[in-house]
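Student: Please find one structure pasted underneath; my questions will follow.
The values are calculated or read from the model by the stated rules, or taken from the named source; none is laboratory data. It should be emphasised that the depicted structure is a prediction, and the values quoted were computed from it without experimental measurement. All Cβ positions, glycine included, derive from the backbone under ideal geometry; neighbour counts span all protein chains shown. Side chains are part of the model used for accessible areas, which takes the heavy atoms of the whole protein and leaves out ligands, DNA and RNA. Shrake-Rupley method; radii C 1.70, N 1.55, O 1.52, S 1.80 Å.
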Amino acid sequence: MEVRRFAVSLGLSDLEDTIDYRDAFPEFSGKEPQIAVKAYRMREGLTQEELAKLAEIPRRHISDMENGRRPIGKENARKLAKVLNVDYRMFL
């Protein structure tokens with residue numbers, strides 16, 4: 001029900017109507033990789049500490065990546081992708 005009300009507030013009246021996520025959430029534009037790390041981590045039910053151990057990346061680096069203070073890079077993207085069961089390009 002919340003999603004339906006949100007859609008109506010954006011001017012979408014039919015379920016067939018669509019809107020680009022960048023238009024709906026402009027504050028996240030350009031932050032897709034860092035949001036993806038946290039979203040996939042949460043989907044898997046992992047804490048930053050657990051993800052860090054599984055991916056062999058320091059926990060502070062996971063935090064920095066999720067908060068946009070550290071670039072993810074291809075090597076870390078591959079490590080994260082393996083643990084989180086996604087394509088590594090989601091983090092680049």
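Student: Name the long-range amide H neighbours of Lys31: under 5 Å, sequence gap of 5 or more, or other chain; modelled H, no Pro or chain starts.
Tutor: Long-range HN contacts for Lys31: none found.
Student: If you don't mind, there's one more thing I want to ask. With a 1.4 Å probe and all protein chains left in place, how much accessible area per residue does the chain have, in Å²? Spell out each step's value before the answer.
Tutor: Working: 6580 Å² over 92 residues.
Accessible surface, normalised per residue, equals 71 Å².
Student: Here's a follow-up. What is the chain's relative contact order, in percent, from Cα pairs under 8 angstrom and six or more apart in sequence? Provide the component values of the computation, followed by the final result.
Tutor: Details: 70 pairs, mean separation 22.5, N = 92.
For the chain, the relative contact order is 24 percent.
Student: Turning to a different aspect of this structure: Just going by the charge dipole of segment 14-92, with Lys and Arg at +1 and Asp and Glu at -1 on Cβ, which of Met90, Gly73, Ile57 is farthest out on the positive end?
Tutor: Farthest towards the positive pole: Ile57.
Student: Let me ask something else about it. For the chain, what number results from the quotient of the Cα radius of gyration and 2.2 N^0.38 Å? Please list the in-between numbers first.
Tutor: Values: Rg = 15.8 Å, N = 92, 2.2 N^0.38 = 12.3 Å.
Ratio of Rg to 2.2 N^0.38 Å for the chain: 1.29.
Student: Oh, and also: Return the sequence-ordered ³J(HN,Hα) values of segment 47-58 in whole Hz as given by the Karplus equation 6.51 cos²θ - 1.76 cosθ + 1.60 applied to θ = phi - 60°, using x for Gly and Pro.
Tutor: Coupling constants for segment 47-58: 7, 4, 4, 5, 4, 4, 5, 5, 8, 6, 10, x Hz.
Student: Within the accessible area of the chain, what % is carbon and sulfur when the probe is 1.4 Å and the other protein chains stay in place? Each step should come with its number before you reach the end.
Tutor: On the way: 3430 of 6580 Å².
The nonpolar share, carbon plus sulfur, comes to 52 percent.
Student: With all protein chains present and a 1.4 Å probe, how do Met42, Met65 order by accessible area, largest first? Don't skip to the end; give the middle numbers.
Tutor: On the way: Met42 120, Met65 0 Å².
Final ranking, largest accessible area leading: Met42, Met65.
Student: Further, regarding this structure: Could you give the size of the charge dipole of segment 31-85 about its Cα centre, using +1 on the Cβ of each K and R and -1 on the Cβ of each D and E, expressed in debye and rounded to the nearest 20?
Tutor: Numbers: 13 positive and 8 negative charges, 22 e Å.
Computed about the Cα centre, the dipole is about 100 debye.
Student: What residues have an amide H closer than 5 Å to that of Arg70, excluding those fewer than 5 places away on the same chain, when H is modeled at 1.01 Å from N in the peptide plane?
Tutor: Excluding prolines and chain starts, which carry no amide H, the hits are Met65.
Student: Evaluate the charge dipole of the chain about its Cα centre and quote only its size in Debye, nearest 20, assuming +1 on the Cβ of each Lys and Arg and -1 on the Cβ of each Asp and Glu. Numbers along the way, then the final one.
Tutor: Numbers: 17 positive and 16 negative charges, 124 e Å.
Using only the charged Cβ atoms, the result is roughly 600 debye.
Student: Also, I was wondering about something else. Over the alpha carbons of segment 21-71, what is the largest minus smallest coordinate on each principal axis, giving the biggest first in Å?
Tutor: Projected onto its principal axes, the Cα set of segment 21-71 covers 36, 22, 11 Å.
Student: Per DSSP H run of at least 4 residues, take -39500 (n - 2.57); add these up for the chain, divide by its residues and hand me the 222 nm value, nearest 500 deg cm²/dmol. Display every interim value, and only then the final one.
Tutor: Numbers: 6 runs with 52 residues, N = 92.
Roughly -15500 deg cm²/dmol at 222 nm, from the helical runs in the chain.
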